[in-house]
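Remarks on the structure that follows.
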Amino acid sequence: YLAEYGRDALRAAVAATFTLPGVPMIYAGQEREMTEYRGPMKWHHGDTGLTNVHRRLSETRSETPALESGDLERIDYHAETEQAIAFARESDDQRVVVALHFGTGTTTVTLPDGIDTEDLVTDESIETTASSDGIEVDVDDVVVLQART
């Protein structure tokens with residue numbers, strides 16, 4: 001991701017690693033901006049903010065059954081840019097909606113109705129706006145929201 005899309009997309013790429021199906025793979029490469037280094041992960045070197053993103057996404061995945069083992073589902077969404085995507089993950093116990101933005105700054109993504117406003121990554125309530133197509137949310141890099149069932 002770093003080579004293809006640059007640093008602006010790095011946090012969304014890390015978020016994709018933790019929110020898409022499969023085991024998150026982190027091996028001290030591009031996801032840590034260490035493109036030439038191959039060796040043990042040096043968590044205490046480099047970008048502390050990026051390290052915190054990895055840790056928080058790891059915690060979110062561990063605390064969220066749908067992210068750990070849920071099925072991937074297409075959802076209807078609308079974004080201001082082609083650099084944004086949204087999808088759902090659903091397990092027996094839970095359904096979440098994930099919005100990722102690989103671009104610079106913030107974009108607005110319109111998600112289906114029936115989602116809570118607490119971002120499971122930050123544990124903070126986010127602002128939403130009702131529209132005729134659903135719920136509009138602003139996404140810097142990642143937002144994970146609980147869907148109401």
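The values are calculated or read from the model by the stated rules, or taken from the named source; none is laboratory data. Remember, it's a predicted structure, so these values are computed and weren't measured experimentally. Positions of Cβ are backbone-derived with ideal geometry, glycine not excepted, and every protein chain shown enters the neighbour counts. What goes into the accessible areas is simple: the full protein's heavy atoms, side chains included, and nothing from ligands, DNA or RNA. Shrake-Rupley method; radii C 1.70, N 1.55, O 1.52, S 1.80 Å.
Values as computed for the structure displayed
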| quantity | calculated |
| --- | --- |
| Longest exposed-site-free window of the chain, the sites being trypsin sites (Lys or Arg not before Pro) in a DSSP loop that have at most 12 other C-beta atoms within 10 Å | 75-147 |
| Estimated dipole of the chain in Debye, rounded to 20 [Cβ of Lys and Arg +1, of Asp and Glu -1, Cα centre] | 720 debye |
| Degrees, to the nearest 10: 10-19 long Cα axis against longest axis of the chain | 70 degrees |
| Amide H contacts under 5 Å for residue 131, placed H, 5+ residues apart | 136 |
| Region 132-142 - phi-based ³J(HN,Hα) in whole Hz, Karplus 6.51/-1.76/1.60, Gly and Pro as x | 5, 9, x, 10, 8, 10, 8, 10, 7, 9, 8 |
| Theoretical gain in end-to-end length, residue 149 to residue 136 [0.36 nm per residue, Cα-Cα removed] | 2.8 nm |
| Per residue accessible area of the chain, 1.4 Å probe, in Å² | 56 Å² |
| Residues residue 126 and residue 93, FRET efficiency given R0 of 35 Å [Cβ-Cβ distance, rounded to 0.05] | 0.95 |
| Exposed-loop-free span, longest in the chain, where chymotrypsin sites (Phe, Trp or Tyr not before Pro) count as exposed if DSSP calls them loop and at most 16 other C-beta atoms lie within 10 Å | 44-149 |
| 3J(HN,Hα) from dihedral phi, region 111-121, Karplus parametrisation 6.51/-1.76/1.60, rounded to Hz, x for glycine, proline | 10, x, 4, x, 10, 6, 9, 8, 6, 5, 7 |
| Percent carbon-and-sulfur accessible area, the chain, ignoring ligands, DNA and RNA, probe 1.4 Å | 44 percent |
| Once exposed loop GluC sites (Glu not before Pro) are cut out (DSSP; at most 14 other Cβ, 10 Å), longest piece of the chain | 37-81 |
| Mean separation of Cα contacts under 8 Å, 6 or more apart, over the residue count of region 87-149: relative contact order % | 43 percent |
| C-alpha long axis of helix 48-63 to longest principal axis of the chain, angle in ° | 50 degrees |
| Interchain or long-range residues, amide H under 5 Å from residue 142's placed H | 101 |
| Hz values of 3J(HN,Hα) by residue in region 97-104 - Karplus curve (6.51, -1.76, 1.60), Gly and Pro given as x | 10, 10, 10, 10, 10, 8, x, 7 |
| Dipole of region 50-149, positive end: most advanced residue of 100, 112, 125 [Cβ charges, Cα centre] | 100 |
| Most mobile of 67, 20, 100 in a GNM of the chain (Cα contacts under 10 Å) | 20 |
| Summed side-chain charge close to residue 74 - residues other than residue 74 whose Cβ falls under 12 Å, Lys, Arg +1, Asp, Glu -1 | -3 |
